[in-house]
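**Q** Once you've had a glance at the structure underneath, I'll fire off some questions.
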């Protein structure tokens, strides 16, 4: 057997100029995704209007403290804002004040809010148990002898994985809270649709800090005024422009009514069939025509009156 001839290029490195002009390859590490997660997304996105109610299992294991639950409940619409959308002077519920298409949008936004709330409950529960597991790992590590190096290396790997899971669940709560804030802003803009104000004032009120109970809360109070009946309303912020009567411009050739183009400039149409009338006399000529005619004199061409 003859030995294989070594490839000279295998043990040598590329020259410096080749490394300079070579295209760098970016290696991005990705988390492997099991096939059950894309299947879950397809099942949830099969219908955009369907909503899945939480089961008894969810309510049992993802049950939060009452103080924490106040952040996750849907917000009640303030009464002055409901009065803007309502067509009656009597106090009505927020569901009855909206139009049918607006009511559909309100229900959809509420469902999205509730879905994000359950995502926050789930992530908060998982984050709590992850952080509790980290404490158990620290206690377990102290019970392992220092001579068992392999056990300590395995414990370090488990601790790193639990720390990553604890941070991931915390970020899940953060991103779900941002999604919930966007839905609250969308609900605010929906209800402020009936408010007579410019978009800058509407967006300033829609992007105000979110409270636990009411949809608008304290940021709405400086804008309210009290009526004679001690009722708080949200006034209009649009400036009323003084309405001036329309005056057509004297300059230019605009005519409010279409004029016939077949008539001459110096003639006008008469109500009877006959010769067209001549051009109207100028003001000076009309003044002369209105003067009484003088009687004829003896020196004129007319005959003179007989003398007695």
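The values are calculated or read from the model by the stated rules, or taken from the named source; none is laboratory data. These numbers come from a predicted model, not from an experiment. Every residue, glycine among them, receives a Cβ derived from its backbone with ideal geometry; neighbour counts consider all protein chains shown.
Quick grid of which residues meet (1) part of a helix (DSSP H, G or I); (2) surrounded by 17 or more Cβ atoms within 10 Å (Cβ to Cβ):
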site	(1), (2)
167	yes, no
171	yes, no
174	yes, no
180	yes, yes
183	yes, yes
190	yes, yes
193	yes, no
196	no, no
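**Q** How many of the residues making up the range 64-84 are part of a loop (DSSP other than H, G, I, E, B) and exposed (fewer than 12 other Cβ atoms within 10 Å of the Cβ)?
**A** 1
**Q** Can you name the residue in the range 122-136 that is free of Cβ contacts under 8 Å to residues at least 60 places away in the same chain and under 37 Å from the mean Cα position of the chain (by Cα) and, of all such residues, is nearest to residue 163 (Cα to Cα)?
**A** Among those residues, the one meeting the criterion is 127.
**Q** Take the range 198-230 and flag every residue that is in contact (Cβ under 8 Å) with a residue 40 or more places away in the chain and at negative phi.
**A** Scanning the range 198-230 gives 198, 210, 211, 212, 213, 214, 215, 216, 220, 224.
**Q** Do any helices (runs of 4 or more DSSP H) entirely within the range 1-61 hold 3 or more residues that are over 30 Å from residue 118 (Cα atoms) and at pLDDT 85 or above, and if so, which?
**A** Those helices (runs of 4 or more DSSP H) do not exist here; none qualify.
**Q** Moving on to the next point. Just one of (1) over 29 Å from residue 51 (Cβ atoms); (2) part of a helix (DSSP H, G or I); (3) without any contact (Cβ under 8 Å) to a residue 24 or more places away in the chain trips up residue 103, so point out which.
**A** Among (1) over 29 Å from residue 51 (Cβ atoms); (2) part of a helix (DSSP H, G or I); (3) without any contact (Cβ under 8 Å) to a residue 24 or more places away in the chain, residue 103 violates only (1).
**Q** Still on this model: Looking at (1) farther than 21 Å from residue 94 by Cβ; (2) surrounded by 11 or more Cβ atoms within 10 Å (Cβ to Cβ); (3) at pLDDT below 90, find the lone condition where residue 249 falls short.
**A** Looking at each condition in turn, residue 249 falls short on (2).
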